[in-house]
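The values are calculated or read from the model by the stated rules, or taken from the named source; none is laboratory data. Please read these numbers as outputs of a predicted model, since none were measured by experiment. Neighbour counts run over all protein chains shown; Cβ positions are idealised from the backbone, glycine included. Ligands, DNA and RNA are excluded from the accessible area calculation, which covers all protein heavy atoms including side chains. Shrake-Rupley method; radii C 1.70, N 1.55, O 1.52, S 1.80 Å.
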Amino acid sequence: MPPSPRSEHVLATILSSTEDALLSFSLDGTIQSWSRGAEPLYGYAAAEITGRPVTMLLPIYEIPAYEQLLRAAQDGIFACCENAERLRKDGSRIRVMLKRAAVRDETGAVTGIVETARAEVSQVQSPTADKRLHLLAEQVPAILWTTDQNLRITSNWGAGFGPSQVKANDWAGRTLYDYLKCQDPHAAPIAQHAEAIRGVSSYFEYQHGNRHFAVHLSPLRAASGEIEGCVAAGIDITDRKKSEDQIRYQATHDALTGLANYGEFMDTLEREVRRAERSSHVFALLLLDLDDLKAINDKHGHLVGNRALKRLSNVIKEHSRVTDLAARYGGDEFAVVLIDADRGMANRIAQRIERAFRDGQHRPALSVSIGIGIFPEDGRTAAELLETGDRHLYKRKKASRAQGVSAG
């Protein structure tokens, strides 16, 4: 009976005769054998690649999944068939169909993996086509990225952060938690990525640093339809947001003084009435009227009258808190909604505003009449508070005129 061929001879014969790209690697990722058919597919001769890490054949975004494969292989658990991308020696990428089998020792323990690869029908991309694809991807006016099922970023590309700021695959290998410096799974946009893993697409706006992005997020599916991660596109809308903010500001603020306008004032007053009604809070309303504005305009001109209005608005802002809303809601009529303020605080602020016009340093001399309304003491609706404040204001204005206060 002829002797049986030794296993290493059998392996050598297989490696030299098969046209498939067959290689084996240990569980630390070191390539141990390389078939003749692997050379035309990957571009490496056996002498160049044997003993080198298998990561030389992997695009950076494939490395995390491969590391997970090596860990799982120790228990004999890994995908036996899949489609993936590999790198050739010349730097071009190729789509391959992979088949894997475990290499076991005498005890049955897995010591390595044998992998057979065949190019997909599209075959190897030419270096020129591959470089053009890279060039186009890097110039897409958006940020594009993919993740695996563990929300680890597997690729990124695009010019959405501007030239030279983010290179292709700079984020690859990092989890969303690490990149965003956020460990809260319920925070945006981590929660939306988790939803995509469950098959739910989404569109939302997200602020990253001082930039705003419109993000489209969807499940990333394999050819079989199975969800293997997320794919997302973010478009920089910072300039659009600035334009929207500017339009919104112009729609809600007085052009001359920069204070809130009538519409914004009434919306805030109505909202504060509802809030105070629900929570039994107290708040105050100041109504202010610049005395004798018509006389100032007639004597000094409208430019001086406008400067007088600006001066009053500056004094109001100076003596209001950040939480308060100051508004110009008529020609010479102003208002302040004092949040969580009682009558004592309202009187103190009104007195400070009145004293600011008695310094004698400005010409023409100005004075202001102020009326106060307190919720709920003076009214439980916006109309009732305005009526009370207006009544007190004109009582003060009448008293000022009786004392001979003029525009000067």
Inset, instruction - Tell me, rounded to the nearest percent, the portion of alpha carbon pairs in the chain spaced more than 38 Å apart. - result: 52 percent
Inset, instruction - Quick one, can you get me the convex hull of the C-alpha atoms of the stretch 35-90 expressed as volume per residue in Å³? - result: 102 Å³
Inset, instruction - Taking the Cα centre of the chain as origin, work out the dipole magnitude from +1 charges on Lys and Arg Cβ and -1 charges on Asp and Glu Cβ, in debye rounded to 20. - result: 1500 debye
Legend entry - Extended-chain gain in nm, criterion 0.36 nm per residue less alpha-carbon gap, Arg118 and Met97: 7.0 nm
Inset, instruction - Taking amide H positions as placed in the peptide plane 1.01 Å from N, state which residues far from His208 in sequence (5 or more) or on other chains have amide H under 5 Å from it. - result: Phe213
Inset, instruction - Find the Cα radius of gyration of the stretch 285-408, compare it with 2.2 N^0.38 Å by division, and give the number to two decimals. - result: 1.03
Inset, instruction - Report Thr175's accessible area, 1.4 Å probe, all protein chains in place, as a number in Å² to the nearest 10. - result: 20 Å²
Legend entry - Which of Ile197, Ile113 is most accessible, then next, and so on - probe 1.4 Å: Ile197, Ile113
Legend entry - Integer Hz, Karplus 6.51/-1.76/1.60 couplings in order for the stretch 203-217, x for Gly and Pro: 10, 7, 9, 9, 9, 10, x, 9, 10, 10, 10, 9, 10, 9, 10
Legend entry - Max mean-square fluctuation residue, GNM over the chain, Cα-Cα springs under 10 Å, options Gly173, Gly199, Gly225: Gly225
Inset, instruction - Could you calculate the contour length gain from Gln250 to Ile77, that is, 0.36 nm times the residue separation minus the distance between their Cα atoms, to one decimal place in nm? - result: 56.0 nm
Legend entry - Exposure rank, largest accessible area first [Trp157, Trp171; 1.4 Å]: Trp157, Trp171
Inset, instruction - With just the Cα atoms of the stretch 150-255, tell me how far they stretch along each of the three principal axes, in Å, largest first. - result: 58, 31, 28
Legend entry - Cα extents of the stretch 216-363 along the three principal axes, largest first (Å): 82, 42, 23
Inset, instruction - Across the chain, how many lysine pairs, 8 or more positions apart or on different chains, have C-alpha atoms separated by under 22 Å? Please give the number. - result: 14
